[in-house]
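Asks: A single structure is presented below for examination.
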Amino acid sequence: MIAVRVGCAPDDRIGRLPLQSLRTYCGRGLGSDVRTLWTLGKLRDAMSEKPVTETWVAPLRPLVTKDTPAYLIHIYPVGATMGTRYALRDKPLLIGRDFDCDVCIPDHSVSRRHARLDVTPEGVFVSDLGSTNGTFVNDVPVRSPTRLADGDYLRVGNSIFRFLGGGNVEAEYHEEIYRLTIIDALTQAHNRRALAEFLDRELVRSERHRRPVTLILLDIDHFKSVNDQFGHLAGDFALRELVQLIRSVVRREDLLARYGGEEFAIVLVETGLPEAAKVAERIRQLIEEHVFRCGDAEFRLTASLGLAATPGGEELTTTEMIQRADKKLYHAKQAGRNRVEF
């Protein structure tokens, strides 16, 4: 049985496909091939630019049964394995560097036999197998068998997985694939693509309604020394914790995005330059005063920030706005770092 909807293109989520693509949808087993999902997403975007008159088919998701497995989704690092899902059934799932592991991660941050997932009547439990770099659930070290909840993040060495064990894992999987197109998997901040779309939208609104908007570019000072001295795991941890610090300052209607390796962008909507400068200074102080800890490593960081703002009513492109903020960030670095320039 299928549901038919006529007259308009699909919404912003993968899930409704044109009739001619239904064969691809069903034949490839949507969810098992990230490249297929990406292609279908591009097709969706292209066709949603104008109204359509053909019939659109929304496949009904299958009913969930007790035999429906939970899944582990590989979301970081970016590469060929991103989006790969591993079904969790009765057999334990072994994660490690050895080729005979169920989930083989050829990375030296991962031990030969790093962690194991066991499916029990009480739920799915993860155990660390005495690994060198540890196993973490939502950044909390696994000291004993730990039950996974739907949506939990599992970190094994430098790799991050997401556990999906809700009622409809197929729908959750499709949602996770969509998230990977707009969210940076390591820090859970928005990515550069999401930043460009959001800033472009806010600049148009600023020009039309004469509302101020400010862009902050933030770069961590001498971040390479953290990776060199403490290792990339500590560097990754610092990036995630820094994002949490920034989130404690910015509002829900604003946007925080990872712009580059250790560079972040913050869009403050309906915020003029004087107010934004105060926000930027609060962020700078938070970072300077915070002690970052990862295992036995303990270190401090500082950041340089550059601001660009428009009072509204100004015709300004996303590229121009970013260039203005980047110029101020450069001045902050040239002036000695650990400062705000606007």
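Asks: In contact with a Lys or Arg (Cβ under 9 Å, 6 or more places away or on another chain), within 25 Å of Gly231 (Cα to Cα), open to solvent by 40 Å² or more (accessible area, probe 1.4 Å) and not aromatic (Phe, Trp, Tyr): is that true of Glu298 in this structure? Step through it out loud before you land on a result.
Replies: Numbers: in contact with a Lys or Arg (Cβ under 9 Å, 6 or more places away or on another chain): no; within 25 Å of Gly231 (Cα to Cα): yes; open to solvent by 40 Å² or more (accessible area, probe 1.4 Å): yes; not aromatic (Phe, Trp, Tyr): yes.
Considered against the rule, which asks whether it is in contact with a Lys or Arg (Cβ under 9 Å, 6 or more places away or on another chain), within 25 Å of Gly231 (Cα to Cα), open to solvent by 40 Å² or more (accessible area, probe 1.4 Å) and not aromatic (Phe, Trp, Tyr), Glu298 comes out as no.
Asks: Something else now. Please specify each residue of the range 122-134 satisfying the condition of being of a type outside the set (Gly, Ala, Ser), open to solvent by 40 Å² or more (accessible area, probe 1.4 Å), modelled with pLDDT of 95 or more and out of contact with any His (no Cβ under 8 Å at 6 or more places or on another chain).
Replies: Selection gives Phe125 alone.
Asks: Restrict the check to the range 329-337 and report whether at least one residue is crowded, with 19+ Cβ neighbours inside 10 Å and either closer than 18 Å to Ile246 by Cβ or hydroxyl-bearing (Ser, Thr, Tyr) (or both). It would help to see each step written out before you state the result.
Replies: Going through the range 329-337, the residues crowded, with 19+ Cβ neighbours inside 10 Å turn out to be 329, 332.
Then drop every residue that is not either closer than 18 Å to Ile246 by Cβ or hydroxyl-bearing (Ser, Thr, Tyr) (or both), which leaves 329, 332.
The answer is yes; a qualifying residue exists.
Asks: Return a yes/no flag: does the range 310-321 have any residue that is in a helix (DSSP H, G or I) and of a type outside the set (Ser, Thr, Tyr).
Replies: Yes, the range 310-321 contains a residue that is in a helix (DSSP H, G or I) and of a type outside the set (Ser, Thr, Tyr).
Asks: What number goes with the only condition from (1) out of contact with any Lys or Arg (no Cβ under 8 Å at 6 or more places or on another chain); (2) open to solvent by less than 30 Å² (accessible area, probe 1.4 Å) that Gly312 does not pass?
Replies: Only one criterion is unmet by Gly312, namely (1).
Asks: Return the total of residues in the range 252-279 being open to solvent by 80 Å² or more (accessible area, probe 1.4 Å) and either in a helix (DSSP H, G or I) or within 17 Å of Ala194 (Cα to Cα) (or both).
Replies: Total meeting the criteria: 5.
Asks: Output yes when any residue across the range 173-184 is part of a loop (DSSP other than H, G, I, E, B), at pLDDT below 90 and open to solvent by 40 Å² or more (accessible area, probe 1.4 Å), and no when none is.
Replies: No; the residues of the range 173-184 include none that is part of a loop (DSSP other than H, G, I, E, B), at pLDDT below 90 and open to solvent by 40 Å² or more (accessible area, probe 1.4 Å).
Asks: Taking the range 94-121 as the region of interest, how many residues are part of a strand (DSSP E or B) and surrounded by 14 or more Cβ atoms within 10 Å (Cβ to Cβ)?
Replies: Step one: filter the range 94-121 for residues part of a strand (DSSP E or B), giving 94-96, 103-104, 115-120.
Filter once more, keeping what is surrounded by 14 or more Cβ atoms within 10 Å (Cβ to Cβ): 94-96, 103-104, 115-119.
Qualifying residue count for the region: 10.
Asks: Working only within the range 200-216, note down all residues that are surrounded by 22 or more Cβ atoms within 10 Å (Cβ to Cβ), in contact with a helix residue (DSSP H, G or I) (Cβ under 6 Å, 6 or more places away or on another chain) and either over 12 Å from Ala309 (Cα atoms) or of a type outside the set (Ser, Thr, Tyr) (or both).
Replies: Val213, Leu215, Ile216
Asks: Criterion first (open to solvent by 40 Å² or more (accessible area, probe 1.4 Å), at negative phi, in a strand (DSSP E or B) and out of contact with any Cys (no Cβ under 9 Å at 6 or more places or on another chain)) does Arg193 satisfy it?
Replies: no
Asks: Any chance you could count how many residues in the range 81-93 are more than 15 Å from Leu154 (Cβ to Cβ) and open to solvent by less than 30 Å² (accessible area, probe 1.4 Å)?
Replies: Residues that pass the stated criteria total 1.
Asks: For the range 135-158: of the residues being modelled with pLDDT of 95 or more and in contact with a His (Cβ under 9 Å, 6 or more places away or on another chain), which is surrounded by the fewest Cβ atoms within 10 Å (Cβ to Cβ)?
Replies: So the residue we want is Thr135.
The values are calculated or read from the model by the stated rules, or taken from the named source; none is laboratory data. Everything numeric in this text was worked out from a predicted model, so none of it was measured. Cβ: placed from backbone, ideal geometry, glycine included. Neighbour counts: every protein chain shown. Quick note on the areas: whole protein, heavy atoms, side chains included, nothing else; ligands and nucleic acids left out. Shrake-Rupley method; radii C 1.70, N 1.55, O 1.52, S 1.80 Å.
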